[in-house]
Each structure stands twice: as structure tokens, then as C-alpha cells.
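Please treat every number below as a calculation from the coordinates, not as lab data. Quantities reported herein were computed from a predicted structural model and do not represent experimental measurements. Ideal geometry is used to build each Cβ from the backbone, glycine not excepted, and the neighbour counts take in all protein chains shown.
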Amino acid sequence: MGKRFGNKLANWIKIPFTTDRYSHAPDYVLLGTIGILLVFGLLMLSSASTVISFQSTGDSYFFVKHQLLYGVLPGILFFLIAIRLPYAIWKKFAFWMLIISIGLLVIVLLPGVGKTVGGATRWIDIGLFSFQPSEIVKITFLIYLATWLAKKGSHGISDIEYGTIPFLSIIGIVTILFLKQPDLGTLLVILAISFLIYFIAGAPWRHIISIVGVGILLLLILVMSSPYRAERLKTFMGGGDELGQGYHIQQAKIAIGAGGFFGLGLGRSQQKFRYLPEVQGDSIFAIIAEELGFIFAVAVIMAFVLLMIRGFKIARGSPDEFGKLLAAGITIWFVIQAMINLGAMVGLLPLTGITLPFISYGGSSLAISLFAVGLLLNISRYTKA
């Protein structure tokens, strides 16, 4: 019955679910790396969140159960869809996917619809669960940009009127909606992805330098116009209040330092006893270092390095421009987000609230990330030998 339904659906969309003669096995090294990160993430979430989970809900394993139910399960479904459907199909729906996701960014700002936590309105609550439209926008915006840039070609992208101005217009709409939430961290990730694949697609250096220069200036204006963000930057530069905005990073450094080379042991973190904020979210790497030590902390970093190597290899071997840009964009997404999170935890970057992919708590983030991995592995099935 299931096979018959699948065949009917495949005939309806004119693209086969089954492996065709032009494809081969996916990148199993990448698949294994993601699988290890996912399992390790659930293990560490289970350990890191026990205290805050029990104090908040009365269930020591609430966060890991929620992650399984609203992150892993839908994520596996999205992953299977993405890895089975040839990646070229998403070009057909790129525009409408972008319109719907931008619509969600607008809806989240409507009174009574968006859920506000910590002064930010980033969630849509529909009763049984809530989700972040910003996570959906990461992949839909990337698919749209890859489609649009591949269609323009390097010659079209080099033209200011035909390529640069439309590109900046699209970026501008998304930027305004993210600043309304506000969600500067996610916006920085999306902008980094956008400009890097714009460069990969063939944009001239002079355009890139001009855009980045103006972007940095506008970013500084945004940061300094917000007392909260300005204090975070001041703390990062070494002049902030260590018991105020500097408290988070100081506690993260204490956790990392306490772990030493071999760690205190799984489940034996002291900082998770409400000393270190957001242990289940953007601070989970500090708990990894505290409990498992320098060796496992480096292993996590190396896993993302391996992800980067395999992802860019897939992008280089892609049979078309769309596949190349999409694979590169997904790889850049995971690597940039990991770099921002890890850099903040060791004091190399200001705190932005960015989570560690596949490891930190967040159902929407994990589900969409697994969908993106499915797309990346699907592209790997069509790479040139």
C-alpha cells in the first residue's frame, strides 16, 4: 500500500523517489558525522539540562524528551523527504517557499500570535507546540537565493542594476523583519550565508567589499543604538560589568577551565546548577568541556571541521550551479553558526544567543537542520566522480 502510494505521488510530481541511473550512494562520511553529532547532542542535553529541567517542570528529562518529540522525529521525516527527492525539485517551489516563510516572519509580530520570551518575539505558539519561523527562513531563503543566483549567472550578478540592487533589496526585506523581532544573531548567520554564496556565484570583489563595508557600519550603528547590545559589546571588549552582561561568559570560562584535559565526568558538572545560564542552549559546549574535558571539546570542533570539508567537496562536485550554491550555503550555515557559538563560549566573539547545531536544545532548529542535511546528502548522490 505504501509503495503504491509513493509511486502515485512520484508520478504526480514527475520525479521518481527511487534512485535513478544518474545517481549513486550519498556521502556516508558526512552522514556518519551528523549521526554522531546528533546522538552526542542528545546525550549531552540529557546531562546538561537535568537541573534546570527539574526546577522548571518537575521532570529532569523534559528538555531531552521535547527535543526527541519536536526535533528528532519531525527532523527524521524531513530528512527522509529531502534525501529521497532529487534536489532540483526545490527550484520549482523556491519562490513560494520564500513568500510563505516571510509571511511567517510577519505573522510572528502580530499581537496575540507571536510568543515573547526575554523581550524577543520569535516564536509562533499553536497550542501543542511552538516553532521559530526564523529557522525555516534559513533554509527557504537559501534555496531561493541559490535558485536566483544560478539563474542570473556570473554575468548577470556582476551587473549592478540586474544583479546587485535586486540582491540587496531581498536582503533588506529579510533584515527589517528580523530586526523587528529582534533576532540579531540569526540575522548575522543568514547575512553571512547570503554574502558568501553571492561571492561564490561570481559577484565582483568591488561589490563584495563595498557591501560588507556598509554592512559593518550599519551593524555597529544597530549595536550602539541598543543599550543591551552595546553593553554586550563593551563586555566583550573588556570594559563591561562582569556581574551583569559579563556574567554569562565568565561562568562559561569557569566551566571550560574546570574540565581540564579529561573532564569532571559525565553528569558531574557544577556550573549546570544554575550558575551558567542557558546550559541547554547556547552554553552547552561549556558543559561538554566541563564534564568531558579538552579531548571531547576538540572532538566536537573536529566534527564540524569534517562537516565543512565534506560539504565543500560536495559543492565542488555538484553537477550544476544550483546544487553547488545550495551545498555551499548549507555547509557555510552550519560552520558559521558553530563558529559563532564556540567563539562566544571561549570569549573570542560577543555573545549572540546562537545555538550549537545538532547539539543545543531547540526543536525547530534541529528539525530544519536535519532537512538541510538531507538536501546536502541528496546533492552528494549526484556529484561527479
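Side notes on the structure shown:
- Dividing the helix sum by the residues of the chain, where each DSSP H run of 4 or more adds -39500 (n - 2.57), gives a mean residue ellipticity at 222 nm of -22500 deg cm²/dmol.
- Spatially near lysine pairs across the range 25-380, Cα under 16 Å, sequence gap of 8 or more or different chains: 11
- Environment charge of residue 360, counting only residues whose C-beta is closer than 11 Å and scoring Lys/Arg +1, Asp/Glu -1: -2
- Each Cα pair under 8 Å and six or more residues apart adds its separation to the average, and for the range 25-380 the resulting relative contact order is 30 percent.
- Fraction of the pair-distance distribution of the chain above 27 Å, Cα-Cα pairs, percent: 51 percent
- Relative to the dominant Cα principal axis of the chain, helix 165-180 is inclined by about 30°.
- Between the range 56-96 and the range 154-177, the Cα center-to-center distance that results, in Å: 30 Å
- A dipole drawn for the chain from +1 and -1 charges on Cβ atoms has a positive end, and of 213, 322, 259 the residue lying farthest that way is 322.
- Mean-position separation - Cα centroids, the range 200-218 and the range 299-360, in angstrom: 21 Å
- Dipole magnitude for the range 25-380: about 420 debye, using +1 per Lys or Arg Cβ and -1 per Asp or Glu Cβ, origin at the Cα centre.
- For the residues 58, 202, 329, a GNM of the chain with alpha-carbon springs under 10 Å puts the largest fluctuation on 58.
- Intensity falloff of the range 88-202 expressed as log10 I(q)/I(0), Debye formula with alpha-carbon point scatterers, at q = 0.12, 0.13, 0.17 Å⁻¹: -0.45, -0.52, -0.83
- For the residues 29, 335, 189, a GNM of the chain with alpha-carbon springs under 10 Å puts the largest fluctuation on 29.
- Estimated FRET transfer efficiency (residue 126, residue 73; beta-carbon r; R0 22 Å; 0.05): 0.85
- Rounded tilt (10° steps) of 247-259 against the dominant C-alpha axis of the chain: 90 degrees
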